[in-house]
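The structure appears right after this line, and notes come after that.
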Amino acid sequence: MRKHISPFLVMFVPFMAVMGAAQVSSPDDRYKADILVVVAHPDDDTVVSSYLARAIFEEHKRVAVLYCTRGDSGANSWGREHARALGLVREIEGRRAMSSLEITNVWFLNGRDTSSQNVLVSLAAWGSGGVLEDTIRIFRLTRPEVVFTWLPGSVAGENHGDHQAAGVIATQAFDMAGDPAVFAAQLAAPIRQFENALEGLSPWQAKELYYFSDAFDTGFFHGRGPEYWGREISPSRKASYLELAARAAAPYYTQSPDPQLNRQIESGGELGPVLAKLQQTGYFPDPVRLWLAKSLVRKPATADVFEGIGPVPVPFTPPRQSAFGAPKALEVSLAGPWGFYQDFWRAHELETLRVLRPEIAVRPDDTLTIPLLLRNNRAEPSRIAVSLSLPEGWKQGRQLSPFTVPGHGELTAAVPVIAPGAQSANFAEIRIAVTSGGTSLYQESLFVKISPYVAEQLRW
């Protein structure tokens, strides 16, 4: 059968060949970043914005920001918009906020804002594989020297699974963006002029990864990384870095505890009283505390972020994989996010994070479900008993009968506990003990703070 060739195609093919013969090989320097901030929602940036003001205005660092969601399930303190409409509003707020800090390279991904403290729920709701691919693409486009992101860990007060999911994704991207075998279509050279598949990027290995948190108390960060005081005065702007951060955050009307405070900031009035009120609600922590999680330059953990950072790229450096120990006949561990983080920290060579104890915050009278993974590596079924030692005022949700775990099988035991009706400034310690046939298999403590200012609890 004779094929008919369009005259347009005959003329177009030589043009394509000419275009393909002279490809640009250098990256687009307009998008190069010294710092890439990877967060979950518009306004998450306020946790580190006083430091960003310092880096931008005094050190002339190039900063890009990646929001994994548009915050489309959050509250709205200012208007009637909710759901996807709120996401559009919050995107505008985020772009306006960043422009105040002279940050113009801002990206929003398609993760869905998810109200939970469980990082696994957020990763599932986001479609984390697609968000990871998009994040690695932006790593390769912006070629950051340093990455800032949320702490991937469950600590009391850091009460949003989306925050932790952003930290998980950013850590994975840090360890994978330099690998030419990962999302290789992003790296392949385009083969025709109008290309919609092969992207022409290059692998990129960032040099440092820093975590931050809005936990109730970030004192546990001390000594793990540098600290920057926002009350210091910017020589170039003649204002404190906290004031610069407050001006940048003024567009966040929908997330403000009182949008009238935002209006006062925008009016140019006295910032001191307004800033104090916003800091009482958790905005603009001072100092900004960072945790140096990964560094490919040799320096003390508490040294300045850019000490030792030079212009020369570094080679791809994947995390070293630690070996698993020999399996025991019966194995028990915390499941859910706590168990996930133990595996995640091992896989990404985050040994410094192993000092973090299992903890969470719950609301008064709330039910917290503690998940335990019971694994039987023997051929015959095994009966495993779980018992709790609860602090005063706590109640067990139901009596726990022994669990039967099939041979070469596993199950997740859901252990519900009910918090007292009053909040507390101190952590409650819930002791967990697991036995089989009178032999102790496992002992662990979960530390819980009771506070009304937390998201939905862990439920199964």
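For the range 201-240, taking the residues that are loosely packed, with under 15 Cβ neighbours inside 10 Å and small (G, A, S), the one that is nearest to L292 (Cα to Cα) is identified as G223. Residue-level analysis places N110 among those that are surrounded by fewer than 18 Cβ atoms within 10 Å (Cβ to Cβ) and either in contact (Cβ under 8 Å) with a residue 60 or more places away in the chain or out of contact with any strand residue (DSSP E or B) (no Cβ under 6 Å at 6 or more places or on another chain) (or both). Each residue in the range 342-382 was checked for being closer than 20 Å to N159 by Cβ, assigned to a loop (DSSP other than H, G, I, E, B) and touching a helix residue (DSSP H, G or I) at 6+ places or on another chain (Cβ under 6 Å), and 1 pass.
Evaluate the following for R263: is it assigned to a helix (DSSP H, G or I) and in contact (Cβ under 8 Å) with a residue 60 or more places away in the chain?
Here the answer is no, as R263 does not meet what is asked.
State whether the residues of the range 79-87 include one that is in the same structural domain as A55 (by TED's automatic domain parsing), out of contact with any Asp or Glu (no Cβ under 6 Å at 6 or more places or on another chain) and crowded, with 17+ Cβ neighbours inside 10 Å. Checked the range 79-87: no residue is in the same structural domain as A55 (by TED's automatic domain parsing), out of contact with any Asp or Glu (no Cβ under 6 Å at 6 or more places or on another chain) and crowded, with 17+ Cβ neighbours inside 10 Å. Hey, among the residues in the range 33-64 that are part of a loop (DSSP other than H, G, I, E, B) and in contact with a strand residue (DSSP E or B) (Cβ under 7 Å, 6 or more places away or on another chain), which one's surrounded by the fewest Cβ atoms within 10 Å (Cβ to Cβ)? Looking at the filtered set, the residue picked out is K61.
Scanning the range 363-400 for residues that are hydrophobic (A, V, I, L, M, F, W, C) and under 16 Å from Q443 (Cα atoms) gives I370, L372, L373, L374, I384, A385, V386, L388, L390. Scanning the range 310-352 for residues that are of a type in the set (A, V, I, L, M, F, W, C) and out of contact with any strand residue (DSSP E or B) (no Cβ under 7 Å at 6 or more places or on another chain) turns up V312, V314, F316, A323, F324, A326, A329, W338, F340, F344, W345, A347. Tell me, yes or no, whether the range 288-310 has at least one residue that is at pLDDT 95 or above and over 17 Å from E208 (Cβ atoms). So far as the range 288-310 goes, no, none of its residues is at pLDDT 95 or above and over 17 Å from E208 (Cβ atoms).
Among the residues of the range 134-161, those identified as farther than 16 Å from V48 by Cβ, of a type in the set (A, V, I, L, M) and outside any loop (DSSP other than H, G, I, E, B) are I136, I138, L141. Within the range 173-200, the set of residues being buried (at least 16 other Cβ atoms within 10 Å of the Cβ), polar (S, T, N, Q) and part of a loop (DSSP other than H, G, I, E, B) is empty. Among the residues of the range 403-429, which ones are under 27 Å from the mean Cα position of the chain (by Cα) and in a strand (DSSP E or B)? Hits for the range 403-429 are T412, A414, A428, E429.
This table checks each residue for (1) over 20 Å from L334 (Cβ atoms); (2) surrounded by fewer than 13 Cβ atoms within 10 Å (Cβ to Cβ); (3) of a type in the set (A, V, I, L, M, F, W, C).
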{"residue": "N377", "(1), (2), (3)": "no, no, no"}
{"residue": "I384", "(1), (2), (3)": "no, no, yes"}
{"residue": "S389", "(1), (2), (3)": "no, yes, no"}
{"residue": "G397", "(1), (2), (3)": "no, no, no"}
{"residue": "I418", "(1), (2), (3)": "no, no, yes"}
{"residue": "S424", "(1), (2), (3)": "yes, no, no"}
{"residue": "T439", "(1), (2), (3)": "no, yes, no"}
{"residue": "Q443", "(1), (2), (3)": "no, yes, no"}
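Based on this model, can you work out whether E243 counts as surrounded by 18 or more Cβ atoms within 10 Å (Cβ to Cβ), within 30 Å of D43 (Cβ to Cβ) and of a type in the set (D, E)? Here the answer is yes, as E243 does meet what is asked. Assessment of the range 294-306 against the conditions (under 30 Å from E349 (Cβ atoms) and surrounded by 20 or more Cβ atoms within 10 Å (Cβ to Cβ)) yields at least one matching residue. Scoring F316 on the criteria (1) in the same structural domain as T171 (by TED's automatic domain parsing); (2) within 23 Å of A33 (Cα to Cα); (3) within 25 Å of the chain's Cα centre (by Cα) leaves a single failure, condition (1).
Checked against (1) crowded, with 20+ Cβ neighbours inside 10 Å; (2) among the aromatic types (F, W, Y); (3) farther than 21 Å from V355 by Cβ, W291 meets all criteria but (3).
Candidates are the residues of the range 65-103 that are among the polar types (S, T, N, Q), in a loop (DSSP other than H, G, I, E, B) and at pLDDT 95 or above; the one that is farthest from I136 (Cα to Cα) is S77.
The values are calculated or read from the model by the stated rules, or taken from the named source; none is laboratory data. Everything numeric in this text was worked out from a predicted model, so none of it was measured. A quick note on method: Cβ atoms are made from the backbone with ideal geometry, for glycine too, and the neighbour counts reach across all protein chains shown.
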